[in-house]
1. Could you please state, rounded to a whole Å, how far the C-alpha centre of region 235-299 is from the C-alpha centre of region 98-139?
2. Please arrange Tyr378, Tyr406 by how many other C-beta atoms lie within 10 Å of their C-beta, fewest to most.
3. What whole-number distance in Å separates the alpha-carbon centres of region 378-449 and region 1-62?
4. Could you rank the peptides 167-178, 182-193, 354-365 by their average count of other C-beta atoms within 10 Å per residue, with the highest value first?
5. Measuring from centroid to centroid over Cα atoms, what is the spacing of region 336-374 and region 150-184 in Å?
6. Which residue, Gly282, Gly31, Gly412, tops the fluctuation ranking in a GNM of the chain built on C-alpha contacts under 10 Å?
7. Starting with the highest mean, order 236-242, 195-201 by the number of other Cβ atoms within 10 Å, averaged over the residues of each peptide.
8. For the chain, find the longest principal axis of its Cα atoms and tell me its angle to the long axis of helix 297-307, 0 to 90°, nearest 10.
Amino acid sequence: KVTQTVSNLDWFPTLLSMAGVALPKEITIRGRDFTPLLKGESVPWNDDLYAEYSMHHGAQTQMRGYRTPGWKLMQDFASPGRAELYDLTSDPHERNNLIASRNAQHVRIRATLAAKMHKRMVQLKDPALKPLSRIMFGSCIKQDKPMPIFKTIQSKQPEMFIFLGDNIYADTADMKVMKAKYDKLAADPGFSGLLETCPILATWDDHDYGENDAGASYSKRLESQRIFADFWKLPRQAAARQRPGVYDAHVYGPKGQRTQVILLDTRYFRGPLKRGEKRVGGPYYPTTDATITMLGEDQWKWLEQQLRVPAEIRIIATSIQYIAESAGQETWSNIPLERARLLKLIKQTKANGILMISGDRHWAEIASLPGPTGYPLYDITSSSLNQPHGRGTPTINQYRDVPETYHQVNFGTILVDWQQSDPTIQLQILDLEGQPRIQKQLKLSNLRP
């Protein structure tokens, strides 16, 4: 007897498994193989179900549902007032709609199921979704330290969170050690709660890549990529499971209100850095060697394609700062020919709406640079999520757009008001209490020539 919940989507992969046919890698299969359940094996199994039903002729509906073994939420995105919540344990025939109940338990469950439904809709790029308006991000997590900021982030109701790297401090070539540190992060209630709250995107930086300041010479980069893909539960057909490097891109929202998120990999292909006398930020200096790359040729070609994809806002996530000047630290400015190449590519593709986000520095700041197509480029740096900067003072940066920097734990937000004819974009760095410490307000038209 199988007691776990299965759906019609699960039959296809199950029948393929019974026939001894491997799942095709080039297509998305949303069902799960339940042959282990038929054999009585104990395997991890999520009993939650997501459902959708739409009508576009005659009656108009965009019905979406999320069901757990005990509760069921239905919502019609074409009719915002039409929603239903049922307690399946006490009301299995769904006769008592609790959607308007003010009972604290019902309110909490309704919010939890709505968040899970929204997460699934974003993952599927559901056309019924409204455009992304609350995007949050951060970097640098010491997996052995408390992480109270994740509860603050959840309280801000993110529609997406982007991890910018140093998501653990692995600093090892031993993959068992690396996995154990990922497991430590996964066990944190605040972190796991955030993963339940909203869709998650991630790239890596040196410490979760595997070694301080490491690039292409890191000996375990292939093995590290596999662990990265498994930890972030990337789907079987995800780019990071099919090719070297963890770079990827996604577009969300309807036409006219699209947000593209481009995740760069500044580690897997990066060449050696030029070293010299140590400065405040570290021992690195700009190089004029044209053979040294930041992204590698395959990633550069891919990036050109992505910058031509239609979108109104483009968030480029780079683990290290793009705009900041070289002051000894790791930054794009240490490979100035690659930095210039990106500017040239933006001009060549006529890509509008670009906002860069970065981490790494253990402080937060906003920098800007005149863009190649007539609008300024902004780089919003957020770091660290739980490891404040020891020195407490920043390195020099002539491109700092806002004079303030912030050196305690923080996370970044990009808030977009799509209701306006010229949408407002609010860039913020928030502290542990969720209060803004650095702010910059733009109009979408400011990101156009």
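Read-outs throughout are calculated quantities, based only on the coordinates presented, and are distinct from any laboratory measurement. Treat the numbers as computed from the prediction; the structure is a model and nothing was measured. Neighbour counts run over all protein chains shown; Cβ positions are idealised from the backbone, glycine included.
1. 31 Å
2. With the fewest neighbours first, Tyr378, Tyr406 line up as Tyr406, Tyr378.
3. Centre-to-centre distance over Cα atoms comes out at 41 Å.
4. Order by mean packing, descending: 354-365, 167-178, 182-193.
5. 25 Å
6. Its mean-square fluctuation being the largest, the pick is Gly31.
7. So the order, starting with the most tightly packed, is 195-201, 236-242.
8. That works out to roughly 60 degrees.
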